[in-house]
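Report on one structure; see the data block that follows.
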Amino acid sequence: MLFGGHVKSLDDIDYLQHANFDLGEVVLRSAKARDFWKDSGVTNHGLSGFFLMAHGPFEGPANDIGNLWKKYYPALRETVDVARMMAIDFLTVHLWVDPRFVRADVLKEKKRALLDLFNYGCDNDVLVSLENLSETAEDLADILDFIPELGITLDVGHGQLLTATNTSFGIMDRLMNSIKHVHLHDNRGGYGVVDDLHLPIGRGIIDFDGILRKLLKNGYDGTLTLELVPEDLIASRATVKELLDSIMHV
């Protein structure tokens, strides 16, 4: 598998390259960040043996249709534009589509916005991938019924929240062919954003052995971003590699 970390600065790219990571996931969460990377001159064409992916902005109020169309959707389109300028062909986006928390009328508009964004990405050679938040496999399957070619970014840490059993297992069981990227970080479970701790691998309660075992069993050999602070990246990569090695040599 290919390992990466977040990129918020030029120094982050240097750090990841020197630490022999395979990729960096450029965080485009604000207009300021998007402007910086547009002007940076950094592209995948200028990198050797290392490549970049992209991560879009946070959504904001989850049930505000005005925010969706007037603020968030334009920001997402701009994120696609920045990715294209940087020769990045993969973009992970947030869009909360859990029907327990998102009204039916808003969910309908979110599907339409996501379809428009997916098509805009295709027109610009950028694959748009939806990251799970609190959604179940059934929730995401409903979105994929509407946009069958949409990618799914499996966030293992988010899968531990608002549930007794990590939802990553159900997502892998039902939607494995749609999983195009994986985010790894640990936590202790919980019920909201404050519990999304992004701990080093092994510092929380997530069953990484079971999750990695199922990924391997289903033939996943793709990209993994460790969503951690830089000082935790190397040790957590070693932990994940040890788990993968032990699983493969059983």
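The values are calculated or read from the model by the stated rules, or taken from the named source; none is laboratory data. Computed from a prediction, not measured in an experiment: that's the story for all the values here. Ideal geometry is used to build each Cβ from the backbone, glycine not excepted, and the neighbour counts take in all protein chains shown. For accessibility, only protein heavy atoms count, side chains too; no ligands or nucleic acids. Shrake-Rupley method; radii C 1.70, N 1.55, O 1.52, S 1.80 Å.
Odds and ends about this structure:
- Residue within segment 86-109 that is of a type outside the set (A, V, I, L, M, F, W, C), without any contact (Cβ under 8 Å) to a residue 40 or more places away in the chain, part of a loop (DSSP other than H, G, I, E, B) and closer than 26 Å to Thr136 by Cα present: yes
- Qualifying residue in segment 155-170 (condition: buried (at least 18 other Cβ atoms within 10 Å of the Cβ), within 22 Å of Ala87 (Cα to Cα) and not small (Gly, Ala, Ser)): no
- Test for Asp196: is it surrounded by fewer than 18 Cβ atoms within 10 Å (Cβ to Cβ), closer than 22 Å to Thr92 by Cα, in contact with a Gly (Cβ under 7 Å, 6 or more places away or on another chain) and free of Cβ contacts under 8 Å to residues at least 40 places away in the same chain: yes
- Total residues in segment 146-185, condition within 20 Å of Leu2 (Cβ to Cβ) and free of Cβ contacts under 8 Å to residues at least 24 places away in the same chain: 1
- Residue match in segment 47-66 (condition: open to solvent by 70 Å² or more (accessible area, probe 1.4 Å) and in contact with a Phe, Trp or Tyr (Cβ under 8 Å, 6 or more places away or on another chain)): no
- Positions within segment 114-148 being open to solvent by less than 60 Å² (accessible area, probe 1.4 Å), farther than 19 Å from Ala75 by Cα and assigned to a helix (DSSP H, G or I), in sequence order: Ala137, Asp139, Leu140, Ala141, Ile143, Leu144
- In summary, Asp245 fulfils each of the numbered conditions (1) open to solvent by 70 Å² or more (accessible area, probe 1.4 Å); (2) farther than 26 Å from Gly151 by Cα; (3) in contact (Cβ under 8 Å) with a residue 60 or more places away in the chain with the single exception of condition (3).
- Subset tally (residues that are at pLDDT 95 or above, over 15 Å from Trp96 (Cβ atoms) and aliphatic (A, V, I, L, M)) for segment 151-184: 9
- Verdict on Ser30 being open to solvent by 40 Å² or more (accessible area, probe 1.4 Å) and touching a residue at least 24 places away in the same chain (Cβ under 8 Å): yes
- Criterion violated by Asp35 - all others in (1) open to solvent by 40 Å² or more (accessible area, probe 1.4 Å); (2) touching a residue at least 24 places away in the same chain (Cβ under 8 Å) satisfied: (2)
- Residue satisfying condition, being of a type in the set (Gly, Ala, Ser) and touching a helix residue (DSSP H, G or I) at 6+ places or on another chain (Cβ under 8 Å), within set Gly192, Gly210: Gly210
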